[in-house]
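The values are calculated or read from the model by the stated rules, or taken from the named source; none is laboratory data. Quick caveat, the model's predicted, so the values are computed rather than measured. Here the Cβ positions follow ideal geometry from the backbone for every residue, glycine too, while neighbour counts run over all protein chains shown.
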Amino acid sequence: MLKRGEPVVMKMNMSSQITGRVKGANVIGEITGRADPDRYLVLGAHLDSWDEGTGAIDDGAGVASMMAVAALIGQLEQRPKRSIRVLLFATEEIAWLAPQHITLHARTN
């Protein structure tokens, strides 16, 4: 279709559900500073996505940006003065459930 110049149209039906507890993991990378390594600049993005989203924008773009920034800093001739930590963290999206959980259990208990 693409070779013939025809548009490719795709329709997706997506759904989500909570299936129980799962373990999440964070990824931490560090570029150690040359002069003041015990002081940090933290760059971060979250690995998870929620609802019917694919994660490409929320937050795949953020993860890709942080990895690109870290790669560019790593290519510098001189290390930065302070350490830089890149944190890719899990369960950012799920955090919004906490208030709902508290409200639900306050009503039922």
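Structure notes:
- Unmet criterion (only one of (1) surrounded by 10 or more Cβ atoms within 10 Å (Cβ to Cβ); (2) under 22 Å from residue 88 (Cα atoms); (3) more than 15 Å from the chain's Cα centre (by Cα); (4) not aromatic (Phe, Trp, Tyr)) for residue 36: (2)
- Long-range neighbours under 9 Å by Cβ, at least six apart or interchain, first residue within 14 Å of residue 48 (Cβ to Cβ) within the range 4-26, second modelled with pLDDT of 90 or more and surrounded by 10 or more Cβ atoms within 10 Å (Cβ to Cβ): 26/87; 26/88
- Residue within the range 28-48 that is among the small types (Gly, Ala, Ser) and without any contact (Cβ under 8 Å) to a residue 12 or more places away in the chain present: no
- Residues within the range 25-59 that are assigned to a loop (DSSP other than H, G, I, E, B) and in contact with a strand residue (DSSP E or B) (Cβ under 8 Å, 6 or more places away or on another chain), tallied: 5
- Filtered residue count, the range 39-86, keeping only those that are farther than 30 Å from residue 16 by Cα, aliphatic (A, V, I, L, M) and touching a helix residue (DSSP H, G or I) at 6+ places or on another chain (Cβ under 8 Å): 1
- Test set (1) touching a Lys or Arg at 6+ places or on another chain (Cβ under 9 Å); (2) at pLDDT 90 or above; (3) surrounded by 12 or more Cβ atoms within 10 Å (Cβ to Cβ) - residue 78 fails condition number: (3)
- Single unsatisfied condition, residue 8 versus (1) surrounded by fewer than 10 Cβ atoms within 10 Å (Cβ to Cβ); (2) part of a helix (DSSP H, G or I); (3) among the aliphatic types (A, V, I, L, M): (2)
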